[in-house]
1. Hey, what number do you get for the chain at 222 nm if only DSSP H runs of n ≥ 4 count, each worth -39500 (n - 2.57), divided across all residues, to the nearest 500?
2. Points 7 angstrom from Cα along the Cβ direction at V254 and D221: gap in nanometres?
3. In whole percent, what relative contact order does segment 1-152 give with Cα contacts below 8 Å and a gap of six or more residues?
4. Tell me the Kirkwood hydrodynamic radius of segment 137-241 in angstroms, computed as one over the mean inverse distance between distinct C-alpha pairs.
5. Sort 172-184, 239-251 for me by packing, meaning the mean count of neighbouring Cβ atoms within 10 Å per residue, highest on top.
6. At 15 angstrom or more along the helix axis (alpha-carbon based) and mean Kyte-Doolittle of -1.0 or higher, what helices does the chain contain? Whole DSSP H runs only.
7. So what is the relative contact order of the chain, in percent, for Cα pairs below 8 Å that sit 6 or more residues apart?
8. Hand me the GluC sites (Glu not before Pro) from segment 72-167 located in a DSSP loop with no more than 12 other Cβ atoms within 10 Å, in residue order please.
Amino acid sequence: MSGSNTPRFTDLVAIVTGAGSGIGRATAIAFAESGAHVLGVGRRKDALEETAGAHAGIAVLALDIREEGAADTVVATAVERWGRLDVLVNNAGAAAVMPLAESERSVVTGLFDLNVIAPSMLAHAALPHLRESSGSIVNVSSTYGHRPLAGGAHYAATKSALEQLTRSWALELASDGVRVNAIAPGPTKTDVLVAAGLSQDAIDELRAHERDLIPTGRLGDAEDIADWILRVADPLSSHLTGQVLTVDGGLELV
Ligand SMILES: NC(=O)c1ccc[n+]([C@@H]2O[C@H](COP(=O)([O-])OP(=O)(O)OC[C@H]3O[C@@H](n4cnc5c(N)ncnc54)[C@H](OP(=O)(O)O)[C@@H]3O)[C@@H](O)[C@H]2O)c1
């Protein structure tokens, strides 16, 4: 589906967090190519501006979504600009390599702040507008939201929490017409492991190992994940809610 985005989101409004790179950038561009007005959010202004440069339908807001009041600012910015909100994509996130023996409180709280609390506050702020538009939330989890990750238990725990929020919110909000789903990517070519502090050699070794294991024979591209975020957010998917869809080239089957 990449590169053939039909205008199925014409005049709808989407917020995409983490839009300055990787999956978030690909998602912001795919929504804009599909006719949506997009607010891309992240901390790095220059990275966001590069994303905005890819399509006139993308506006950006540079802030840290963990800050007090950030969620209200994000949602107000989109609604004041375009008058509505149809889709919230909680994509911004980070991983950390941290064996139990090396656990640090600040790393644990930092992961939960970014991967669980910030998406919760954004969903809370977005809710009145999503109720009005019969909109939807797409949370970006990970296969490690439902598989164990030795050496990265707290990252896995944050994504597991996000998957439970997805199911519980879906049940809570179904009668309001608001849908909540999650996409769980497998290994995908982005800078996520750089952000997690791994060396380039360690990343190359890990990605080569993963590529050998993936039944389709390749790592995911950010566009592979963006395509599925759009598919589940599509108003035509109106009977789909509470689902966690793994997009990993079949790795979970191995
Ligand atoms: N790539 C994979 O293999 C993979 C696999 C499974 C799940 N995922 C998930 O996919 C999502 C996107 O990751 P990615 O792979 O595209 O990696 P990425 O390029 O590192 O994207 C993460 C994004 O989150 C933003 N971000 C981080 N902290 C933030 C904060 N405090 N406030 C606002 N924005 C913040 C970053 O921008 P700034 O630094 O500019 O803020 C960045 O654009 C994450 O939730 C990740 O856990 C990725």
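1. On the way: 9 runs with 108 residues, N = 254.
Only helices count here, giving -13000 deg cm²/dmol.
2. Computed distance between label sites V254 and D221 equals 2.1 nm.
3. Numbers: 262 pairs, mean separation 33.8, N = 152.
After rounding, I find 22 percent.
4. 15.2 Å
5. Values: 172-184: 19.8, 239-251: 17.3.
Peptide ranking by packing, descending: 172-184, 239-251.
6. On the way: long enough: 22-33 (17 Å, 0.79); 70-82 (18 Å, 0.46); 118-133 (22 Å, 0.08); 153-173 (29 Å, -0.15); 200-213 (20 Å, -1.25); 222-233 (17 Å, 0.54).
Qualifying helices: 22-33, 70-82, 118-133, 153-173, 222-233.
7. Details: 517 pairs, mean separation 48.9, N = 254.
RCO, the chain: 19 percent.
8. Numbers: sites: E80, E102, E104, E132, E163; in loops: E104.
Sparse-neighbourhood loop GluC sites (Glu not before Pro): E104.
The values are calculated or read from the model by the stated rules, or taken from the named source; none is laboratory data. A quick note: this is a predicted structure, and the numbers were derived from the prediction, not measured. Cβ coordinates were reconstructed from backbone atoms using ideal geometry, including for glycine residues, and neighbour counts include every protein chain displayed. SASA here: full protein model, heavy atoms, side chains in, ligands and nucleic acids out. Shrake-Rupley method; radii C 1.70, N 1.55, O 1.52, S 1.80 Å.
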